[in-house]
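Notes follow the structure.
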Amino acid sequence: MPLKTLAELVQPDLLDTRHFCGQSQDLGLPQLYGGQVLGQALSAAQRTVEEGRLAHSLHGYFIAPGDPNAPVDYEVDILRDGGSFSTRRVTATQADTTLFISSASFHRPESGLEHQAPADLPPFPEALMAQGTRVERYPGHPIEFVRIAPSEQDPQHVRHWCRLSGELDAPADLHQVLLAYSSDFYLIASALRPHQRDFRDPNLRIASLDHAIWFHEHADITDWLLYDITAVWSGHGRALCRGVFYNQQGVRIASVAQEGLIRLKKG
């Protein structure tokens with residue numbers, strides 16, 4: 001799938017003022033990829049907000065697994081339009097089943113106090129590739145990964161450079177949508193590494209339960225971004241992971257948190 005096609009996929013069609021319909025993509029997973037729903041829900045919400053306000057956060061719950069071969073309907077509720085913030089609620093459904101509910105907040109950019117925690121950047125992807133690290137690609141998809149060798153002393157910490165390969169002349173809000181889409185890749189799967197398991201393990205059932213993303217700075221999704229993930233906890237059939245996106249200058253682009261289901265199948 002070319003990047004242009006993916007950019008079209010994450011922008012659902014407008015049916016009426018607050019009702020949208022998004023097409024689905026089958027990535028070979030047992031259910032619809034959660035990042036697709038995240039991206040399409042954010043896009044639907046964005047299109048009901050006045051120009052100049054960008055998303056600063058999205059919080060959502062995955063209620064039921066989706067069918068990757070069926071479209072998804074999105075209904076946007078306008079909760080508030082204030083002087084500088086707008087808040088939206090989005091409900092995603094297939095047929096009569098609610099798949100996902102989310103709230104998103106948008107803010108007109110303004111100046112203020114600034115700081116961030118220091119970034120610990122690994123070697124850049126070009127340097128890693130020169131040393132023989134290969135670029136990994138998801139089959140039939142423009143996303144690319146360059147993995148940083150994990151530490152055996154810190155198995156819950158996973159880092160990789162990622163980008164969407166191709167050219168994209170698009171506004172900042174579409175880059176946000178594509179970043180939300182990409183933020184679900186390999187996030188909850190990082191919680192398997194401390195247990196020496198893989199997300200393709202047939203004895204595991206894995207699914208996203210909730211997802212939150214906070215947007216801090218603009219980034220071009222076609223540039224290499226570091227996705228720094230920590231699996232902070234697992235237990236009771238669930239796991240919690242946190243992630244941070246940085247650009248190559250060490251600027252914090254976005255923060256992510258997700259709880260997911262990791263259930264051992266009874267044999």
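More than 19 Å from LEU3 (Cβ to Cβ), crowded, with 17+ Cβ neighbours inside 10 Å and small (Gly, Ala, Ser): is that true of ALA189 in this structure?
When the stated conditions are applied, ALA189 passes them.
Among the residues of region 166-193, count how many are closer than 13 Å to GLY243 by Cβ and either outside any helix (DSSP H, G or I) or among the β-branched types (Val, Ile, Thr) (or both).
6
Of the residues that sit in region 63-108 and are of a type in the set (Phe, Trp, Tyr) and out of contact with any helix residue (DSSP H, G or I) (no Cβ under 6 Å at 6 or more places or on another chain), which one is farthest from LEU38 (Cα to Cα)?
This residue is PHE85.
Mind listing just one residue for me: the one in region 189-227 that is of a type in the set (Val, Ile, Thr) and modelled with pLDDT of 95 or more and, of those, farthest from the chain's Cα centre (by Cα)?
Looking at residues that are of a type in the set (Val, Ile, Thr) and modelled with pLDDT of 95 or more, I get THR222.
Given the residues GLY66, GLY60, which is the only one that is assigned to a loop (DSSP other than H, G, I, E, B), touching a strand residue (DSSP E or B) at 6+ places or on another chain (Cβ under 7 Å), on the phi < 0 side of the Ramachandran plot and surrounded by 18 or more Cβ atoms within 10 Å (Cβ to Cβ)?
Just a single option satisfies the conditions, and that option is GLY66.
If I ask for residues that are in contact with a Phe, Trp or Tyr (Cβ under 6 Å, 6 or more places away or on another chain) and either assigned to a loop (DSSP other than H, G, I, E, B) or surrounded by fewer than 14 Cβ atoms within 10 Å (Cβ to Cβ) (or both), which ones from region 22-51 would you list?
Hits for region 22-51 are LEU27, VAL49.
Return the residues of region 120-156 that are out of contact with any Leu (no Cβ under 8 Å at 6 or more places or on another chain), in a loop (DSSP other than H, G, I, E, B) and surrounded by 14 or more Cβ atoms within 10 Å (Cβ to Cβ); say none if nothing qualifies.
PRO123, PHE124, THR133, VAL135, PRO150, PRO155, GLN156
State the number of residues belonging to region 1-21 that are touching a residue at least 60 places away in the same chain (Cβ under 8 Å) and either in contact with a strand residue (DSSP E or B) (Cβ under 7 Å, 6 or more places away or on another chain) or not in a loop (DSSP other than H, G, I, E, B) (or both).
Number of matching residues: 6.
Checking PHE185 against (1) within 25 Å of LEU54 (Cα to Cα); (2) modelled with pLDDT of 95 or more; (3) out of contact with any Ser or Thr (no Cβ under 6 Å at 6 or more places or on another chain), which test does it fail?
(2)
In the list ARG197, ARG205, ARG252, ARG193, which residue meets the criterion of being without any contact (Cβ under 8 Å) to a residue 12 or more places away in the chain and either more than 26 Å from ARG53 (Cβ to Cβ) or in contact with an Asp or Glu (Cβ under 8 Å, 6 or more places away or on another chain) (or both)?
Among ARG197, ARG205, ARG252, ARG193, only ARG197 is without any contact (Cβ under 8 Å) to a residue 12 or more places away in the chain and either more than 26 Å from ARG53 (Cβ to Cβ) or in contact with an Asp or Glu (Cβ under 8 Å, 6 or more places away or on another chain) (or both).
What number of residues within region 156-189 are within 25 Å of GLY235 (Cβ to Cβ) and without any contact (Cβ under 8 Å) to a residue 60 or more places away in the chain?
Adding up the residues that qualify gives 2.
Spot the failing condition for HIS218; the list is (1) over 18 Å from LEU32 (Cα atoms); (2) out of contact with any His (no Cβ under 9 Å at 6 or more places or on another chain), and only one is missed.
Every listed condition holds for HIS218 apart from (2).
For region 170-186, which residues satisfy the criterion of being in contact with a His (Cβ under 9 Å, 6 or more places away or on another chain) and either surrounded by fewer than 16 Cβ atoms within 10 Å (Cβ to Cβ) or on the phi > 0 side of the Ramachandran plot (or both)?
Answer for region 170-186, where residues must be in contact with a His (Cβ under 9 Å, 6 or more places away or on another chain) and either surrounded by fewer than 16 Cβ atoms within 10 Å (Cβ to Cβ) or on the phi > 0 side of the Ramachandran plot (or both): ALA172, TYR186.
The values are calculated or read from the model by the stated rules, or taken from the named source; none is laboratory data. Small disclaimer: the values here were computed from a predicted structure and weren't measured. All Cβ positions, glycine included, derive from the backbone under ideal geometry; neighbour counts span all protein chains shown.
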